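All remarks here apply to the structure that follows.
The values are calculated or read from the model by the stated rules, or taken from the named source; none is laboratory data. Quick caveat: nothing in here was measured; it's all calculated off a predicted structure. All Cβ positions, glycine included, derive from the backbone under ideal geometry; neighbour counts span all protein chains shown.
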Amino acid sequence: MLQSKLFSKTKKKIAKDITPEGYKFLIKGDFINQLASGIYNFLPLGYRVHQKIEKIIREEMDSIGAQEVFLAALQPKELWQRTGRWNKMNPPLFKVCDLHKKYFALGSTHEEVITILAKERIQSYKDLPQALYQIQTKFRNEVRSTGGLLRTREFVMKDLYSFHQTQKDFERYFNKVSQSYKRIFKSCGLNSIKSEASGGTISNKKEKTYEFQVKAESGEDKVLFCSRCGWAINLELTRGGVGEKCPKCKKGFLQKINTIEVGHIFSLGSKYSRALGVYFIDKEGKKKPVIMGCYGIGLGRLMGTVAEVHHDSKGIIWPEEIAPFQVHLIPIEITKSKIRKISEKIYQDLQKAKIEVLYDDRTDKSPGEKLADVDLIGIPIRIVASERTLKRNSVEIKKRDQKKAKLVRIQELVRFLTTKS
């Protein structure tokens, strides 16, 4: 990609009240644009990150046997009334009325819709288990939208639903999803903490619910955490206190940490299957309600969390797997024909090698401005071509998360990148 053609344009100044830091850099780097409170447009740089997160999630969901669907966002009022949630959702539903005076909700979640679909397709134990997921836009009428992508009113979410004939089979799959979530967050450069949590208006209070939390000073959640065994619980459940012994390992002591929730998994039991009439006939010929599970990840929130965790005073430091590009190519004094010619050759060679590269071919920016944009945008590898490096038939390579740079001979560059990056 030629940076001169890139639609995203970095900003030198932004509003002083934009916080926290990761959000500030997403705005300053023109990854996202705020359309209204809690509503964001993803620009080319930001959407490339978003798509890579989506790819990681989709591959993981496919690997655990889930089938992808795409469900309607506009959902009839009657469906929500059958589960008693039309007026009980928190945050409240966005509600709309059509020309026929019929009311609909803009889907904030899809338990009702997926359960109705299951009712038409699951009759026997032979039809179970099943697991369906989608990556789709959700709408939540948040009273307070804060932290940029961390709390929004419109966002893309991966929601997975599973259907089982026994509690044992559900728990097996629940643990499988839990491990999959750990891998997803690790691939995105995050160390997640599995924390006991409340099911809110999604599940019954008695059902098993966990959040996946990431430690961050800017996080709104507060979790009691045992660093010895890794046990954690959301402070809203008020079990235990700071300095007390861990109730699980009995050896470590609980500390309170600020976190950002990046995922949530729920045991739904038979709450929705009973309400919407989803039953199956077991091996003995008995009619039983289907047991369900629900598992969610907000993609924008995950992207925002990475920006909060991985940045320095100059900008974002994207993990390699979700960076908008793998390499940022910077020619110093590009107006000089030799530098431009060699830089363009390097650019073409990188493209041929299927290395994603952002080539700063701009002629109206100083070397200082270009290097400042490199740090702000946060692509993992910076390549600088200058008169100094070309005298040695080399380019200077520096990783975004490291201070030291090194010279690599131009003819060895592609091999170096494909074996080291």
**Study point:** Test result for Gly189, part of a loop (DSSP other than H, G, I, E, B) and at pLDDT 95 or above
**Key:** yes
Check your understanding: Are any residues in the range 308-322 among the small types (Gly, Ala, Ser) and either surrounded by fewer than 22 Cβ atoms within 10 Å (Cβ to Cβ) or assigned by TED's automatic domain parsing to the domain that holds Leu350 (or both), and if so, which ones?
Key -> Ser313
Practice item. Can you run down the residue pairs with Cβ atoms below 9 Å, 6 or more apart or on separate chains, where the first is in the range 12-27 and in contact (Cβ under 8 Å) with a residue 12 or more places away in the chain and over 17 Å from Gly38 (Cβ atoms) and the partner is part of a loop (DSSP other than H, G, I, E, B) and of a type in the set (Phe, Trp, Tyr)? Key: Phe25/Phe31
Review point. So, in the range 250-292, of the ones that are touching a residue at least 24 places away in the same chain (Cβ under 8 Å) and part of a loop (DSSP other than H, G, I, E, B), which residue ends up surrounded by the fewest Cβ atoms within 10 Å (Cβ to Cβ)?
Key: Lys283
